[in-house]
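Written below as structure tokens is the structure these notes are about.
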Amino acid sequence: MAGTLQVSVISPEQVLFEGPASAVTAPGFDGEMGILPMHAPLMTLLGNGTLRIESTGGMKQFRVSGGFLQVVDDTVRVVTEEASAVA
Amino acid sequence: MAKGRELKGRIKSVENTRKITRTMEMVAASKMKRATDRVAAARPYALALGEVLARLVRPEIAEKFPLLRQPASKRKVALLLLTANRGLCGAFNTNLIREARARIAELEAQGAEVEVHIVGKKGIAFFKYLGRSISSERIDIGDRPSAADAASLIDALTDRFAKGELDGVHITYAKFQSALSTPPTTEQVVPVVPPATQGTPRDFLLAPDAETIVESLLPAYVRNMVYRALVETVAGEQSARRTAMKNATDNASDMITLLRRTYNSARQAQITQEIAEIVGGAAALE
């Protein structure tokens, strides 16, 4: 598996997470979706649920509701109005 | 020594004032730091949303969204004015109010009926003094506006725009360009002006389709515009207050120097006079 993903989780008030990750599991509008490196460019809406990021520093989880996710060139951007870290 | 005591009292009083203004300056400086951090933190989200909308909004689909509708004529528009709850920040509130009044006059000259929505005690007080009707007023938004505050301000207005009751919503706020430059600015919130496309267009897999994505992102974009305006206005207020209080502190210091000089020369004159009197008295005895 080549490369890693650059992931950022952005809410209106702050950038919640920014860093490399090997995989992202996001709550899509119609079900969970997994994103690995070399993903095709994608833009999708998110539903409600838990966003999981397999980062180098361990698994990070965020509760998100709504917003969207964009993948371009191994850069994943999660932009959501409501996001909070789950311990 | 009556004059001397009077001068001493004034020096004391100016010193106390300086103590207050210096404290306010320091408080405003630290609040400004936090407020500018929030302005910076809000930027990535605005950029990300704007970029996506710029990619997805095409003239063909624009007609389908009420928030992108361009009304043929402006009959009734809303102006949202953001001001501070507190004064002692120089011409900050005055400038915002002046900008808002200029905009209202401009819109009314175009034949539109303008309803005014105001945030902040200073703006409310001024428009009440003018005797102008205020459609809604809010004073509960403090130094740390949240995205929820922005939503509560704008959602009702965008709904009315979508229904066709309003032909536009504008917002007047202090744009935070730097700590020294926070010009009052008016921007059109709805109809939404999609940001210009930048960079190379790419083919994306879209899920669901472009229209659905745009539909759910437009309200977020509008709310974010208002959130950004709120955050920038708070930062502007604090930086204006810091500058005003710095000037006040400097002026107080100048005044103290001057008063002290006057006091010392009065004291010296008095001593000289007393010595002259003693010498004169001694000479008279011989």
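The values are calculated or read from the model by the stated rules, or taken from the named source; none is laboratory data. Not measured: the values here are computed from a predicted model. All Cβ positions, even for glycine, are placed from backbone atoms using ideal geometry, and neighbour counts span all protein chains on display.
Miscellaneous remarks
- Among all positions in the stretch B:44-60, there is at least one residue which is part of a helix (DSSP H, G or I), within 14 Å of chain A (Cβ to nearest Cβ), surrounded by fewer than 17 Cβ atoms within 10 Å (Cβ to Cβ) and touching a residue at least 60 places away in the same chain (Cβ under 8 Å).
- So B:Glu106, is it part of a helix (DSSP H, G or I) and free of Cβ contacts under 8 Å to residues at least 12 places away in the same chain: yes
- Every test in (1) in contact (Cβ under 8 Å) with a residue 60 or more places away in the chain; (2) under 23 Å from the mean Cα position of the chain (by Cα) is passed by B:Phe161 save one, and that test is (2).
- Tally of residues being within 14 Å of another protein chain (Cβ to nearest Cβ), surrounded by fewer than 17 Cβ atoms within 10 Å (Cβ to Cβ), of a type outside the set (Ser, Thr, Tyr) and touching a residue at least 40 places away in the same chain (Cβ under 8 Å) across the stretch A:36-87: 1
- Residue check: A:Arg77 meets all listed conditions (1) more than 13 Å from the chain's Cα centre (by Cα); (2) closer than 28 Å to B:Ala148 by Cβ but one, namely (1).
- When we screen A:Pro20, A:Pro27 for residues that are surrounded by fewer than 17 Cβ atoms within 10 Å (Cβ to Cβ), out of contact with any Asp or Glu (no Cβ under 9 Å at 6 or more places or on another chain) and modelled with pLDDT of 90 or more, the only hit is A:Pro20.
- Residue in the stretch B:176-198 that is within 14 Å of another protein chain (Cβ to nearest Cβ), touching a residue at least 24 places away in the same chain (Cβ under 8 Å) and not in a helix (DSSP H, G or I) present: yes
- Checked against the criterion of being without any contact (Cβ under 8 Å) to a residue 40 or more places away in the chain and surrounded by 11 or more Cβ atoms within 10 Å (Cβ to Cβ), the stretch B:218-238 has no qualifying residue.
- Only one entry in B:Ile154, B:Ile139, B:Ile134 is surrounded by fewer than 19 Cβ atoms within 10 Å (Cβ to Cβ), farther than 23 Å from B:Gly90 by Cβ, modelled with pLDDT of 90 or more and β-branched (Val, Ile, Thr), namely B:Ile134.
- When residues in the stretch A:56-69 are screened for being in contact with a Ser or Thr (Cβ under 8 Å, 6 or more places away or on another chain) and on the phi < 0 side of the Ramachandran plot, 8 of them pass.
- Close pairs from the stretch B:143-156: first facing another protein chain (nearest Cβ under 10 Å), partner acidic (Asp, Glu) and not in a loop (DSSP other than H, G, I, E, B), Cβ under 9 Å, at least 6 apart: B:Ala147/A:Glu82
- Looking across the stretch A:1-17 at every residue that is part of a strand (DSSP E or B) and touching a residue at least 12 places away in the same chain (Cβ under 8 Å), the one that is surrounded by the fewest Cβ atoms within 10 Å (Cβ to Cβ) is identified as A:Gln6.
- Of all residues assigned to the stretch B:110-123, at least one qualifies as being surrounded by 19 or more Cβ atoms within 10 Å (Cβ to Cβ), touching a helix residue (DSSP H, G or I) at 6+ places or on another chain (Cβ under 7 Å) and assigned to a helix (DSSP H, G or I).
- Scanning the stretch A:12-26 for residues that are touching a strand residue (DSSP E or B) at 6+ places or on another chain (Cβ under 7 Å) and within 13 Å of chain B (Cβ to nearest Cβ) yields A:Val15, A:Leu16, A:Phe17, A:Glu18, A:Ala26.
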